[in-house]
Amino acid sequence: MVEQVIARRFYHATITNTYKQAFVLSQRIKAGIEDNPFFRFYETTLVYPTIDGNTGGTININAVEWLFRVRDGTIAPAPGALAEKAVEVSQHYLMLSRELLLEQIRIEDFSGQPPSRQKCLFLCDTLEEARAWCTLLGAQGAICELSCTGRIHRGDSRLMVKISEPLSVTREKGRAYWRGEASADPRIEILFEGDALVSAIGL
């Protein structure tokens, strides 16, 4: 389940966006102490720009409030915008709930031994896997090679909840994820905690 590694080569899809700066060559990373950019994203507030009916100016409305206002008829979104934003909001909170539940299971059922998804560095065993993740992230990124010393856990990301399902099913999938089990069509991610050095970039 948890494996110790010394100077092991792994790969990572590194990108720059509003909450993350891409890695650079020879950068040293210490993973496992602070929240990673993936989880730090949830310190931001999901908002949508809206025209203020009183001033005519643009204001930012909290995403959930935006949905309530659409329901109440005080905001009239463009065709298709409601469905798009409803999906975005549901996915935002589904993923947050998933991460909180996975962390609870990691601590309570596995004594906090595997590296935390909230603090880890996400890695891949091969260059091909990292390129596939880069495509899935839907962003222009660079693949970097890292030399890593620390602890890893391999989990199947397909075991994580992505749709509405009973809580008991989500919990059992979470336990299977932390046990290192694989689904019929696994998509493995490596959770790393320790010291890493960016040894190559732009692969």
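Please treat every number below as a calculation from the coordinates, not as lab data. Everything quoted here is computed from the prediction, not taken from an experiment. Quick reminder, even Gly has a Cβ in these numbers, built from the backbone with ideal geometry, and neighbours come from all protein chains shown.
The computed Cα Rg over 2.2 N^0.38 Å for the structure shown corresponds, within [x] 1.17; [y] 0.97; [z] 1.04, to [x].
Taking θ as phi - 60° and the Karplus parameters 6.51, -1.76 and 1.60, the scalar couplings of the stretch 64-77 work out to 5, 4, 4, 5, 4, 5, 4, 4, 7, x, 8, 10, 10, x Hz in sequence order, x denoting glycine and proline. Counting only residues at least eight positions apart within a chain, or on another chain, the lysines with an alpha carbon under 20 Å from that of residue 85 are 162. Residues whose amide H lies under 5 Å from that of residue 27, counting only those 5 or more places away or on a different chain, are 198; hydrogens are built 1.01 Å from N in the peptide plane. For a test of the definition: using alpha carbon positions, the gyration tensor, and the 1.5 limit on a/c, classify the stretch 3-121 as rounded, prolate or oblate. Prolate shape, in that a/c is at least 1.5 and a/b is the bigger ratio. Taken about its Cα centre, the stretch 1-115 carries a charge dipole of about 480 debye when Lys and Arg each add +1 at the Cβ and Asp and Glu each add -1 at the Cβ. Among 182, 13, 63, the largest mean-square fluctuation in a Gaussian network model of the chain, built with springs joining Cα atoms closer than 10 Å, belongs to 63.
Each residue of the stretch 22-30 was assigned a 3J(HN,Hα) from its phi angle through the Karplus curve 6.51 cos²θ - 1.76 cosθ + 1.60 (θ = phi - 60°); the sequence is 4, 5, 10, 4, 6, 5, 9, 10, 10 Hz, with glycine and proline shown as x. When +1 charges are put on Lys and Arg Cβ atoms and -1 charges on Asp and Glu Cβ atoms, the dipole computed for the chain relative to its Cα centre reaches about 200 debye. Restricting the GluC sites (Glu not before Pro) of the stretch 1-98 to loop positions (DSSP other than H, G, I, E, B) with no more than 12 neighbouring Cβ atoms within 10 Å leaves 34. Less than 5 angstrom separates the built amide H of residue 61 from those of 48, 50, all sequence-distant by 5 or more or on a different chain. Considering only alpha-carbon pairs that sit under 8 angstrom and 6 or more positions apart, the relative contact order computed for the stretch 2-201 is 37 percent. What the phi angles of the stretch 33-41 give under the Karplus curve with 6.51, -1.76 and 1.60, with θ = phi - 60°, is a coupling list of 9, 9, 4, 7, x, 4, 7, 5, 3 Hz, glycine and proline written as x. Centroid-to-centroid, using Cα positions, the stretch 38-69 and the stretch 95-135 are 29 Å apart.
Of the residues 148, 138, 21, the one whose Cα sits farthest toward the positive end of the charge dipole of the chain, with +1 on the Cβ of Lys and Arg and -1 on the Cβ of Asp and Glu, is 148.
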